[in-house]
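The values are calculated or read from the model by the stated rules, or taken from the named source; none is laboratory data. Please read these numbers as outputs of a predicted model, since none were measured by experiment. Glycine also receives a Cβ, built like all others from the backbone with ideal geometry; neighbour counts cover every protein chain displayed.
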């Protein structure tokens, strides 16, 4: 089995009984072998996503980072103790839709990625040529007694071209995008060695969170596919029209267009 994230949509009144409300919404899709195989999806879930590195969380609308209505990561059992993880500033595991920032877009990501590619070329025309990380890695391997991984990495990032490029990246408004959108382990290869169209398309394809969703009316949408209705025994026996058409853009539009007091909760499921 594997893991996946899903955004559960709940009415505003669920805030006072969050865990129970999530459990009720998720119940039709628990693995219990009593209905069609398509509804046997998960066997464990917990609320997560309040830290950027976890992925799947939500950007908080600027100015609302300390709002008490924001949902934090639910404590996860481990090492014989519960270990709560507070939200990182600007991120949350969920909350009222009106507090969530949905302004990131493919169009803006396209412009940012194109500007990054152009900026590398400009800097490369003005500064000494930089060597790839592989050169520094090979040096570390060859001089393992005197050169640590940390030292090799520091020396690589200290090259004038790489240092200037890293400084430029730090000025970009990328906090609403996935954290690896414009992060580079070796920009000499990843940016300098790529054509513009290839570079931009690859970066944009990874820029936005691709969300699965469990709608207010109990439809489970995964990977932009057709919905599965939790109220029915199986998709083959479901007489209802889907709440929204298949397609990731439909899911994104659905979330952004929900009433402002709708609760959005990000879960990580074992599936």
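Rundown of residues vs (1) surrounded by 18 or more Cβ atoms within 10 Å (Cβ to Cβ); (2) within 20 Å of residue 104 (Cβ to Cβ); (3) modelled with pLDDT under 90; (4) touching a helix residue (DSSP H, G or I) at 6+ places or on another chain (Cβ under 8 Å), yes/no style:
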| position | (1), (2), (3), (4) |
| --- | --- |
| 231 | no, no, yes, yes |
| 237 | no, no, yes, no |
| 254 | yes, yes, no, no |
| 262 | yes, yes, no, yes |
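So for the range 216-223 (the condition being over 22 Å from the mean Cα position of the chain (by Cα) and free of Cβ contacts under 8 Å to residues at least 12 places away in the same chain), does at least one residue qualify?
no
Can residue 204 be described as closer than 30 Å to residue 187 by Cβ, surrounded by 16 or more Cβ atoms within 10 Å (Cβ to Cβ) and at pLDDT 85 or above? For residue 204, the condition - closer than 30 Å to residue 187 by Cβ, surrounded by 16 or more Cβ atoms within 10 Å (Cβ to Cβ) and at pLDDT 85 or above - is met. The residues in the range 243-265 that are assigned to a helix (DSSP H, G or I) and touching a residue at least 60 places away in the same chain (Cβ under 8 Å) can be counted, and the count is 3. Any residue at all in the range 136-152 that's modelled with pLDDT under 95, touching a strand residue (DSSP E or B) at 6+ places or on another chain (Cβ under 8 Å) and farther than 26 Å from residue 29 by Cβ? Checked the range 136-152: no residue is modelled with pLDDT under 95, touching a strand residue (DSSP E or B) at 6+ places or on another chain (Cβ under 8 Å) and farther than 26 Å from residue 29 by Cβ. In the set (1) in a loop (DSSP other than H, G, I, E, B); (2) at pLDDT below 95, the condition left unmet by residue 107 is number (1). With the structure loaded, tell me whether residue 129 is modelled with pLDDT of 95 or more, assigned to a loop (DSSP other than H, G, I, E, B) and either surrounded by fewer than 13 Cβ atoms within 10 Å (Cβ to Cβ) or in contact with a strand residue (DSSP E or B) (Cβ under 7 Å, 6 or more places away or on another chain) (or both) or whether it fails that test. Yes; evaluated as a whole, the condition is true for this residue. Scanning the range 184-201 for residues that are outside any loop (DSSP other than H, G, I, E, B) and crowded, with 16+ Cβ neighbours inside 10 Å returns 187, 188, 190, 199, 200.
Between 240, 233, 268, the distinction of being part of a strand (DSSP E or B) and either assigned by TED's automatic domain parsing to the domain that holds residue 17 or farther than 30 Å from residue 117 by Cα (or both) belongs to 268 only. For the range 41-84, how many residues meet the condition of being at pLDDT below 70, assigned to a loop (DSSP other than H, G, I, E, B) and within 18 Å of the chain's Cα centre (by Cα)? Total satisfying the criteria: 1.
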